[in-house]
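Novice: Below: one structure in structure tokens.
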There are 2 protein chains.
Amino acid sequence: MTGQRTEANRPAVGVEERPEPPGLPDPLPEPAAADIRLETVLGALSDPLRLRIVRKLLLESEEFDHTCGWFGLDRPKSSLTHHFRALREAGVTRQRQYGLERRSQVRVADLNARFPGLLDLVAAWTPPDGD
Amino acid sequence: MTGQRTEANRPAVGVEERPEPPGLPDPLPEPAAADIRLETVLGALSDPLRLRIVRKLLLESEEFDHTCGWFGLDRPKSSLTHHFRALREAGVTRQRQYGLERRSQVRVADLNARFPGLLDLVAAWTPPDGD
DNA sequence: TGCTAAGTTCGACTCCACTCGTACAAGTAC
DNA sequence: GTACTTGTACGAGTGGAGTCGAACTTAGCA
């Protein structure tokens, strides 16, 4: 199943309509690229767990988005929902609903345009204790 | 008065001894450059007031450090102490005691070495409502 | 029809950051 | 000495963020 419009994947608020490959579900609500605030992004990235999420997406995702479970994070689902939403609402990631799964990807183009170099810092980051 | 060692300006913990112009008071306790953590720095910079402080230091300081009052921040002194300490303990700024005054400067070299491009983002930042 | 899996929502809890007033310490100037 | 100034220390109040369990929703499948 793809693309039908439900309450869960309604069009994102404030997102410019952009041509996309057909069949993709609409992104979940997210700030428009111009509305992404540096202080909000820095706050979202100041959490080690979220920093790890974004870094893993940058380094290991093969040009497609990934589900919550792909990250192998040892936390309850309600905690993961909280962090993935924080990243999305800050404008760091984009989430799409594929059936039951909610897949995430980093908004690389938007972030590089507004804050050049920031994602490089995240990619070069090393967690406090191993990976 | 300069340079005599009191409780208030004891040598910084974990700071490598580095040749400096004589007569400078020792820096207040701060993390060594190698111990500066990205997530801590991002957390320190996620506050608009602190972002404003660092940005003003980057853009308007004429190659010397500045006192608390130079920033013209309309907050009680105890609040400013809190924020300047947060910046220093995160490794973003260095503070030195000159008599009564405590002057701050950005650790430009250390931050550019560890997180290249980060200070450029801060300098390019624009506050939510005017300057 | 019913089961299972992915993820949300809600409420509760804890903890920390921000804010500020007040009191205090330390130089500086008279 | 006294007064003034810069800034800290401490404590309290407030709000928000992180954590989690439990109940719920939805899609896919047998």
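The values are calculated or read from the model by the stated rules, or taken from the named source; none is laboratory data. Keep in mind that what you see is a predicted model, and the values were worked out from it rather than measured. No Cβ is skipped: glycine too gets one built from the backbone with ideal geometry, and neighbour counts run over all protein chains shown.
Novice: When you check B:Asp47 against the structure, is it under 29 Å from A:Leu111 (Cβ atoms), surrounded by fewer than 19 Cβ atoms within 10 Å (Cβ to Cβ) and more than 15 Å from DNA strand D (Cβ to nearest atom), yes or no? Step through it out loud before you land on a result.
Specialist: On the way: under 29 Å from A:Leu111 (Cβ atoms): yes; surrounded by fewer than 19 Cβ atoms within 10 Å (Cβ to Cβ): yes; more than 15 Å from DNA strand D (Cβ to nearest atom): no.
In short, no.
Novice: Looking at A:Gly72, A:Gly99, which is the one that is more than 14 Å from chain B (Cβ to nearest Cβ) and farther than 20 Å from A:Leu28 by Cα? Quick ask: steps written out before the conclusion?
Specialist: Values: A:Gly99 fails: farther than 20 Å from A:Leu28 by Cα.
From the options A:Gly72, A:Gly99, the qualifying one is A:Gly72.
Novice: Answer yes if at least one residue in the range A:70-89 is among the small types (Gly, Ala, Ser), under 10 Å from the mean Cα position of the chain (by Cα) and at pLDDT 95 or above, and no otherwise. Don't jump to the end; show me each part of the working.
Specialist: Of all residues in the range A:70-89, those among the small types (Gly, Ala, Ser) come to A:72, A:78-79, A:86.
Going one step further and asking which of them are under 10 Å from the mean Cα position of the chain (by Cα), we end up with A:86.
Then drop every residue that is not at pLDDT 95 or above, which leaves A:86.
Checked the range A:70-89: at least one residue is among the small types (Gly, Ala, Ser), under 10 Å from the mean Cα position of the chain (by Cα) and at pLDDT 95 or above.
Novice: Mind checking which residues of the range B:82-113 are assigned to a helix (DSSP H, G or I) and more than 18 Å from B:Ser46 (Cβ to Cβ)?
Specialist: Within the range B:82-113, the first condition is being assigned to a helix (DSSP H, G or I), and the residues that meet it are B:82-90, B:108-113.
Selection gives B:Val108, B:Ala109, B:Asp110, B:Asn112, B:Ala113.
Novice: Tell me, yes or no, whether the range B:95-109 has at least one residue that is at pLDDT below 90 and within 19 Å of A:Ile36 (Cα to Cα).
Specialist: no
Novice: For the range B:115-127, check the following and say yes or no: at least one residue is in contact with a Ser or Thr (Cβ under 8 Å, 6 or more places away or on another chain) and closer than 14 Å to B:Val54 by Cα.
Specialist: No.
Novice: Could you tell me whether any residue of the range A:106-118 is surrounded by 15 or more Cβ atoms within 10 Å (Cβ to Cβ), away from chain B (no Cβ under 14 Å) and of a type in the set (A, V, I, L, M, F, W, C)?
Specialist: So far as the range A:106-118 goes, yes, one or more of its residues are surrounded by 15 or more Cβ atoms within 10 Å (Cβ to Cβ), away from chain B (no Cβ under 14 Å) and of a type in the set (A, V, I, L, M, F, W, C).
Novice: Quick check on the range B:90-102: of everything there that is crowded, with 17+ Cβ neighbours inside 10 Å and either over 11 Å from the mean Cα position of the chain (by Cα) or within 15 Å of DNA strand D (Cβ to nearest atom) (or both), which residue is farthest from B:Arg52 (Cα to Cα)? If you could, list the steps in order and put the result at the bottom.
Specialist: Filtering the range B:90-102 down to residues crowded, with 17+ Cβ neighbours inside 10 Å leaves B:90-97, B:102.
Add one more test, that the residue is either over 11 Å from the mean Cα position of the chain (by Cα) or within 15 Å of DNA strand D (Cβ to nearest atom) (or both), and what stays is B:90, B:92-97, B:102.
Values: B:Ala90: 16, B:Val92: 13, B:Thr93: 13, B:Arg94: 16, B:Gln95: 17, B:Arg96: 20, B:Gln97: 22, B:Arg102: 18 Å.
Only one residue tops the list, namely B:Gln97.
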